[in-house]
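The values are calculated or read from the model by the stated rules, or taken from the named source; none is laboratory data. Nothing here was measured: the structure is a model prediction, and the numbers come from that model. So basically every Cβ, Gly included, is an ideal-geometry build from the backbone, and we count neighbours across all protein chains shown. Surface accessibility is based on the protein's heavy atoms, side chains included, excluding ligands, DNA and RNA. Shrake-Rupley method; radii C 1.70, N 1.55, O 1.52, S 1.80 Å.
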Amino acid sequence: MPQDTERKDDSQTDPSNDMHLADNNDDDTNDTDEQNNNNIEDSQHQKDEQQDSETKATENLKDEDFPEQISDEDKETIKKVASDDNLSQAKSYASILVEQVIHAKETFDRSLGSLFTSAFTAGLEIGISFFIILAAFSLLSGVMPNQYAMVLSSLLYPIGFIIVVIGQSLLFTEQTSLLSLPVLNKIEPLHKLLRLWGIVITGNIVGGCIFAALMIGLGLNMHLFSVSDIDAYAAHVLGFKWWVIFGSAVLAGWMMGVAAWLVTSARDTISRIVLVTLITGSIGFLGLHHSIVGNIEVFAALMYGTTVSILGYLLFLAVVLAGNTVGGVVFVAVLKNRTFLFEVERVKQEARNDRKNRLARMGIRRR
C-alpha cells in the first residue's frame with residue numbers, strides 16, 4: 001500500500017511538473033525567437049550602414065570638395081550626375097568616377113610616411129602570389145610539361161592582389177589611373193602626382209625586393225621550389241623583345257585600371273573579391289607583365305638564380321613601369337574622365353534648355 005500511495009502521489013504531481021516544464025520551454029522558445037529577431041535587425045542595420053557609407057561620398061558632395069576654378073553651374077551639374085541614391089541598381093558611371101576622385105584626393109592628403117608604409121606593405125603582400133605560384137609550379141612540373149605547369153600555377157596569381165586590394169594597401173598599378181584623376185580635373189598639380197607615384201613605386205619595389213630576399217630564400221631552404229624553378233619563371237618573364245614587354249605591360253596596366261574601376265563600382269566585399277580574381281587571374285593566365293610582381297620575379301632570379309644581370313633587371317623594371325603607367329593613365333583615366341566630362345556637358349545643356357523653356361512659357365503667360 002505505501003508503494004501504491006507513492007505511485008499515486010507521483011502520478012498526481014506529474015501534470016503540474018509537465019506544465020512547469022512546458023512553460024519553461026515556451027519561455028526559452030520566446031527568448032530564442034527574440035534573440036534571432038534582434039540578430040536579424042542588427043544584421044539589417046549593419047547592412048544599411050554599409051550601404052549608406054558607400055553612397056555618402058557622392059551624395060554629400062559640398063562646394064569645398066571642388067577646386068576654386070570650377071563654376072557654380074559645373075558644381076551643381078556634377079552633384080546631379082554623381083547622385084547615387086538607388087541602392088538596388090548598379091552605381092552610375094559618374095558616381096564611380098567622382099568617388100574615385102574623392103578617394104584619390106584623400107590619398108594626396110596623406111603624410112609621406114603613411115604613403116610609403118602602405119606602399120611598402122603592398123610590395124610585401126603581393127609577393128605572396130609569387131611564393132605560392134613557385135611552389136605550385138615546382139609541384140606540377142614534376143607531373144606535366146613546364147608550359148602547362150606554368151599556366152596552371154599562374155591561376156594562383158590573384159591571391160596577393162586580393163590581400164592588397166581588400167586590405168587597401170597602395171599598389172602602383174592599381175593607383176596609377178586613380179591618382180591621375182585629380183590632376184586631369186585640375187584639382188591637384190602634376191608635380192604632386194609625380195612625387196606620389198615615386199613614393200608608391202619606391203615602397204612597392206623595396207617591399208618586393210625584401211620579400212624576394214627573405215621569403216624566396218626561405219622557400220629554397222624548405223625545398224618548396226628550386227633555383228631552376230626561379231630561373232624558369234625569370235625566363236618566362238624576360239624572354240621577349242623590349243617592345244613586346246612594353247606592349248604587354250600596357251595591357252596589364254589597362255586591366256589593372258579597369259580592376260580599380262570595377263572595385264569602386266561594387267557595393268560589397270564579395271563582389272570586389274570576385275572582380276579582382278577575374279581580372280588579375282586573367283593577367284596571370286596570359287602571362288602579361290606586371291611591374292610590381294615582375295620586380296619580385298626578376299629580382300629573385302638576380303639574387304638566387306644564374307640567368308639575370310643587374311642591368312637586365314633595371315632595364316626590365318623601367319620598361320614595365322612605363323608600360324603599366326601608359327595603360328593605366330591613357331586607356332582608363334583619360335578615356336573614362338573624358339566620357340564623364342561629355343556627360344557633364346550634356347546635363348548642363350539640358351539644364352540650359354529647361355531654363356529657356358521655362359522663360360518662354362513665362363513670356364507667353366505674361367502676354
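Does at least one position in segment 225-247 carry a residue that is charged (D, E, K, R) and outside any helix (DSSP H, G or I)?
Yes; the residues of segment 225-247 include at least one that is charged (D, E, K, R) and outside any helix (DSSP H, G or I).
Please go through segment 235-250 and pick out each residue that is touching a Leu at 6+ places or on another chain (Cβ under 8 Å) and over 10 Å from LEU288 (Cα atoms).
TRP242
For segment 287-305, which residues satisfy the criterion of being under 20 Å from the mean Cα position of the chain (by Cα) and surrounded by fewer than 17 Cβ atoms within 10 Å (Cβ to Cβ)?
Once the filter is applied, which keeps residues that are under 20 Å from the mean Cα position of the chain (by Cα) and surrounded by fewer than 17 Cβ atoms within 10 Å (Cβ to Cβ), segment 287-305 yields nothing.
Output the residues belonging to segment 100-158 that are without any contact (Cβ under 8 Å) to a residue 12 or more places away in the chain and under 20 Å from ILE201 (Cα atoms).
The answer is GLU106, ASP109, ARG110, SER111, GLY113, SER114.
Looking at (1) under 28 Å from ILE166 (Cα atoms); (2) out of contact with any Phe, Trp or Tyr (no Cβ under 6 Å at 6 or more places or on another chain), which one does ILE310 not meet, given that it meets all the others?
(1)
Being open to solvent by 20 Å² or more (accessible area, probe 1.4 Å), polar (S, T, N, Q), more than 22 Å from GLY253 (Cβ to Cβ) and out of contact with any strand residue (DSSP E or B) (no Cβ under 8 Å at 6 or more places or on another chain) narrows it down to one residue among SER138, SER153; which is it?
Checking each option against the conditions leaves just SER138.
Can you report the number of residues in segment 120-154 which are over 15 Å from HIS236 (Cα atoms) and not in a loop (DSSP other than H, G, I, E, B)?
Qualifying residue count for the region: 16.
Suppose we filter LEU190, LEU218, LEU184, LEU179 for residues that are more than 21 Å from LEU288 (Cα to Cα), modelled with pLDDT of 95 or more and not charged (D, E, K, R); which single one remains?
Unique residue meeting the criteria: LEU218.
Looking at (1) over 28 Å from PRO145 (Cβ atoms); (2) open to solvent by 10 Å² or more (accessible area, probe 1.4 Å), which one does GLY207 not meet, given that it meets all the others?
GLY207 satisfies all of (1) over 28 Å from PRO145 (Cβ atoms); (2) open to solvent by 10 Å² or more (accessible area, probe 1.4 Å) except (2).
Check whether at least one residue in segment 306-319 is buried (at least 19 other Cβ atoms within 10 Å of the Cβ) and not in a helix (DSSP H, G or I), and report yes or no.
Yes, segment 306-319 contains a residue that is buried (at least 19 other Cβ atoms within 10 Å of the Cβ) and not in a helix (DSSP H, G or I).
Here is a list: LEU220, LEU194, LEU179, LEU214. Which entry is open to solvent by 30 Å² or more (accessible area, probe 1.4 Å), closer than 30 Å to ALA94 by Cα and assigned to a helix (DSSP H, G or I)?
Of the residues listed, the single one that is open to solvent by 30 Å² or more (accessible area, probe 1.4 Å), closer than 30 Å to ALA94 by Cα and assigned to a helix (DSSP H, G or I) is LEU194.
Could you grab me the full set of residues in segment 160-193 that are farther than 16 Å from VAL330 by Cα, out of contact with any Gly (no Cβ under 9 Å at 6 or more places or on another chain) and polar (S, T, N, Q)?
Within segment 160-193, just GLN168 meets the criteria.
Quick check: anything in segment 91-113 at pLDDT below 80 and either surrounded by fewer than 16 Cβ atoms within 10 Å (Cβ to Cβ) or of a type in the set (Lys, Arg) (or both)?
yes
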